1. For segment 151-173, enumerate the residues that are over 28 Å from Asp69 (Cβ atoms) and crowded, with 18+ Cβ neighbours inside 10 Å.
2. So Asn148 clears everything in (1) in a loop (DSSP other than H, G, I, E, B); (2) open to solvent by 70 Å² or more (accessible area, probe 1.4 Å); (3) modelled with pLDDT of 95 or more except one condition, right? Which one?
3. Under 25 Å from His37 (Cα atoms), touching a Gly at 6+ places or on another chain (Cβ under 7 Å) and assigned to a helix (DSSP H, G or I): is that true of Ala159 in this structure?
4. Only residues that are more than 11 Å from the chain's Cα centre (by Cα) and part of a helix (DSSP H, G or I): list them for segment 18-45, please.
5. Take Gly78 and decide whether it is at pLDDT 95 or above, part of a loop (DSSP other than H, G, I, E, B) and surrounded by fewer than 16 Cβ atoms within 10 Å (Cβ to Cβ).
6. Does Gln176 satisfy the criteria of being crowded, with 22+ Cβ neighbours inside 10 Å and either under 14 Å from the mean Cα position of the chain (by Cα) or not in a helix (DSSP H, G or I) (or both)?
7. Do the conditions hold for Ile105, that is, is it aliphatic (A, V, I, L, M), assigned to a loop (DSSP other than H, G, I, E, B), open to solvent by 50 Å² or more (accessible area, probe 1.4 Å) and modelled with pLDDT of 95 or more?
Amino acid sequence: MSQASVPTDDSTSPLITVDVWTDVVCPWCYIGESRLHDAIEAEGLTDQVRLRARSFELVPTAATDSVKDNVALMVDSGWMPEEKVHEMEAQLQEMAREMGREYVIGRPMANTRGVHRVMQALGEARGPDAATTFFMELQRGYFAGIANPFETEAVIARAVGAGLDEQVARAAHAGQTHDEQVESEVREAASLGARGVPFFLFNGKYTAPGALPTEAFRQALRQIADEAQGERAQA
């Protein structure tokens, strides 16, 4: 975990704010969020940590007008041979199951920018907590095989259910609005040193790349909570 010089708002009630740059189709983001969730619970900080989802595209060049199987997309993109993809997916599935999470191998995959724009619109209209809940529920449903982020009507319905006006949701999903907000968050991640996702920023000061082991998250949360409590005591 490294330190970054980013201003933070100490007036918020949670002891720790965790910004996580993530993509809805990113398997390591799903694993990382699961481990962080378990670490928060293990440290007894459930009511003291605020998670905020931030936009980052795992495959920004993915097609916007067609959907592929995730394994086929990775193979066609030249990331790794098909055998290695299946091996990695099996390992990720086992990791998820060890944490009590579902993980379906063979998922739809395409460009995710529309989802990010809807999340940004929801954050603007209803606040970051509503946007984060929308995004994390969609991501969990995706890996459990019960939600498809590439079904436009399903995404719009979820956003409306979270409190976003339907026309605002449709405009964002179609790319008529909120594209610059997505770009801004991607640039911010790069400025902090992110080369991929997940990428975590704790209390606007400490960065951690990747899906850290649960114990590493626990240690980081413990140290940051102690520091935050000390700062509040001196205020």
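1. Hits for segment 151-173 are Ala162, Leu164, Val168.
2. It fails just one condition, (2).
3. Details: under 25 Å from His37 (Cα atoms): yes; touching a Gly at 6+ places or on another chain (Cβ under 7 Å): no; assigned to a helix (DSSP H, G or I): yes.
When the stated conditions are applied, Ala159 does not pass them.
4. Scanning segment 18-45 gives Arg35, Leu36, His37, Asp38, Ala39, Ile40, Glu41, Ala42.
5. Working: at pLDDT 95 or above: no; part of a loop (DSSP other than H, G, I, E, B): yes; surrounded by fewer than 16 Cβ atoms within 10 Å (Cβ to Cβ): yes.
No, not satisfied.
6. Values: crowded, with 22+ Cβ neighbours inside 10 Å: no; either under 14 Å from the mean Cα position of the chain (by Cα) or not in a helix (DSSP H, G or I) (or both): yes.
Criteria not met by Gln176.
7. Details: aliphatic (A, V, I, L, M): yes; assigned to a loop (DSSP other than H, G, I, E, B): yes; open to solvent by 50 Å² or more (accessible area, probe 1.4 Å): yes; modelled with pLDDT of 95 or more: no.
Answer is no for this residue.
The values are calculated or read from the model by the stated rules, or taken from the named source; none is laboratory data. If you're wondering where the values come from, they're calculated on a predicted model, not measured in any experiment. Every residue, glycine as well, gets a Cβ built from its backbone with ideal geometry; the counts of neighbours run over all protein chains shown. Surface accessibility is based on the protein's heavy atoms, side chains included, excluding ligands, DNA and RNA. Shrake-Rupley method; radii C 1.70, N 1.55, O 1.52, S 1.80 Å.
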